[in-house]
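Taking it in order: structure first as structure tokens, then the write-up.
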Amino acid sequence: MAAKIISGTEVAGQIREELRKEVTELKEKHNVIPGLVTILVGENPASISYVTGKQKTAKELGFYSLQDNQPDNITEEVLLGLIDKYNNDPKIHGILVQLPLPKHINETEVLYAINPKKDVDGFHPVNLGKLMIGEADYLPCTPAGVQQLLIRSNVETSGAEVVVVGRSNIVGKPVTNILLQKQKGANATVTICHTGTKDMASHTRRADILIVAAGKPKAITADMVKEGAIVIDVGVNRIGKSESGKAILCGDVDFEAVKEKAGAITPVPGGVGPMTITMLMMNTVKSAKVHAGLV
Ligand code: L34
């Protein structure tokens, strides 16, 4: 039987509706407007597309939103200075520096410079450390989006065998930490596979829930998936351009083949991507409330 398609676009739409109401209420009752700045260095087409999506959503929700574009050759010092400016700007509750950064800039230094209380990306080591001990203030957006997709699609995670493919700091490691917490929407048995894993398929075939963030188009084929498994495809690969010049996207999962075997599967585009953007909005609303002393 063909898999149920889990629409990230639809779930993200529901959450945005909830957030829109919350933002209106914050404004009317408390005169608080969530403020978000997205800093984009250089002109990577994928980054431009994602940051544009974030700004568009922030505006739709009624945020105070700033897009700060910087040239590829910006020095680390100038970039750190900008972050400092936004750390001290009371209208800004969330600061996001879109990754990847150019090679001459030390990404870790930049992420360290963001005030953890405005780190709506959840990438600051303080926030990642808090996540590890189950005390997170801000969950990284893509992993949080994966968890929300599972919860809102009524997928039982407690006791489930979850296999994560990929060990990045922005997806693989944090999603593992989220799903193993002794909490609702988590409490899973989690295995991480990576480039050092022997016989990857022997692991992925055991998964009730397979989360793939490998950064490799169609890395997961149907023979690697258990019948009826829930497959969450985090990959967004640009594999070419259509005649009109639009990027052609594909995930890390061979969607056409795997959908015949899985119980449910997320598409690319329209799966995890829209959830990432929506979780950023959720974190920014939370930060605005924290800064206003409302939570
Ligand atoms: N700092 N850097 C920082 N924070 C992040 O959370 C990200 N990420 C990842 C890359 N760098 C980052 C994103 O924003 C990946 N990512 C992201 C965001 C949005 C989408 C995909 C990845 C998205 O909206 N994807 C759409 C298609 C968009 C398109 O056509 O280009 C989708 O439907 O999958």
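The values are calculated or read from the model by the stated rules, or taken from the named source; none is laboratory data. All figures in this text were calculated on a predicted structure; none of them were measured in a lab. Cβ sites come from the backbone with ideal geometry, for glycine too, and all protein chains shown count toward neighbours. For accessibility, only protein heavy atoms count, side chains too; no ligands or nucleic acids. Shrake-Rupley method; radii C 1.70, N 1.55, O 1.52, S 1.80 Å.
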In the stretch 1-32, the residues that are away from the ligand (no atom under 16 Å from the Cβ), open to solvent by less than 70 Å² (accessible area, probe 1.4 Å) and outside any helix (DSSP H, G or I)
Ala2, Ala3, Val32
Subset of the stretch 33-57 that is polar (S, T, N, Q) and either open to solvent by 80 Å² or more (accessible area, probe 1.4 Å) or free of Cβ contacts under 8 Å to residues at least 40 places away in the same chain (or both) - its residue that is nearest to Ile83 (Cα to Cα)
Gln55
Which ones in the stretch 241-288 are open to solvent by 50 Å² or more (accessible area, probe 1.4 Å), more than 13 Å from the ligand (Cβ to nearest atom) and not in a loop (DSSP other than H, G, I, E, B)?
Glu256, Lys286
Options Val155, Val146, Val163; residue that is at pLDDT 95 or above, under 19 Å from Ala3 (Cβ atoms) and touching a Ser or Thr at 6+ places or on another chain (Cβ under 7 Å)
Val163
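Quick grid of which residues meet (1) open to solvent by less than 30 Å² (accessible area, probe 1.4 Å); (2) charged (D, E, K, R); (3) under 30 Å from Ile48 (Cα atoms); (4) under 17 Å from the mean Cα position of the chain (by Cα):
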position: Val175; (1), (2), (3), (4): yes, no, yes, yes
position: Ile178; (1), (2), (3), (4): yes, no, yes, yes
position: His194; (1), (2), (3), (4): no, no, yes, no
position: Lys198; (1), (2), (3), (4): no, yes, no, no
position: Ala207; (1), (2), (3), (4): yes, no, no, no
position: Ala213; (1), (2), (3), (4): yes, no, yes, yes
position: Ala219; (1), (2), (3), (4): no, no, yes, no
position: Met224; (1), (2), (3), (4): yes, no, no, no
position: Ile232; (1), (2), (3), (4): yes, no, yes, yes
Does Gln55 meet the test of being closer than 21 Å to Lys117 by Cα, part of a helix (DSSP H, G or I) and not hydrophobic (A, V, I, L, M, F, W, C)?
yes
Kindly provide the set of residues from the stretch 82-123 that are assigned to a helix (DSSP H, G or I), within 27 Å of Gly293 (Cβ to Cβ) and near the ligand (Cβ under 10 Å from one of its atoms), ordered by number.
Leu111
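Just to be sure I understand, how many residues within the stretch 75-104 are open to solvent by less than 10 Å² (accessible area, probe 1.4 Å) and over 17 Å from Gly35 (Cα atoms)?
Of the residues in the stretch 75-104, the ones open to solvent by less than 10 Å² (accessible area, probe 1.4 Å) are 79, 83, 92, 94-97.
Then drop every residue that is not over 17 Å from Gly35 (Cα atoms), which leaves 79.
Total meeting the criteria: 1.
Which residue out of Val175, Val171, Val126, Val164 is in contact with a helix residue (DSSP H, G or I) (Cβ under 6 Å, 6 or more places away or on another chain), over 17 Å from Met281 (Cα atoms), within 11 Å of the ligand (Cβ to nearest atom) and of a type in the set (A, V, I, L, M, F, W, C)?
Details: Val175 fails: within 11 Å of the ligand (Cβ to nearest atom); Val126 fails: within 11 Å of the ligand (Cβ to nearest atom); Val164 fails: within 11 Å of the ligand (Cβ to nearest atom).
After ruling out the rest, the residue left standing is Val171.
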What's the number of the only condition in (1) open to solvent by 60 Å² or more (accessible area, probe 1.4 Å); (2) more than 22 Å from the chain's Cα centre (by Cα) that Arg238 fails to meet?
(2)
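Please go through the stretch 148-204 and give me each residue that is of a type in the set (D, E, K, R) and within 21 Å of Asp252 (Cβ to Cβ), ordered by number. First the steps, then the outcome.
Let us first name the residues in the stretch 148-204 that are of a type in the set (D, E, K, R), namely 152, 156, 161, 167, 173, 182, 184, 198-199.
Residues satisfying the conditions are Glu161, Arg167, Lys173, Lys198, Asp199.
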If we keep just the residues of the stretch 138-158 that are open to solvent by less than 60 Å² (accessible area, probe 1.4 Å) and more than 15 Å from the chain's Cα centre (by Cα), which is nearest to Thr266 (Cα to Cα)?
Ser153
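For Leu79, indicate whether it is under 30 Å from Ala188 (Cα atoms) and either in a loop (DSSP other than H, G, I, E, B) or at pLDDT 95 or above (or both).
Values: under 30 Å from Ala188 (Cα atoms): no; either in a loop (DSSP other than H, G, I, E, B) or at pLDDT 95 or above (or both): yes.
No.
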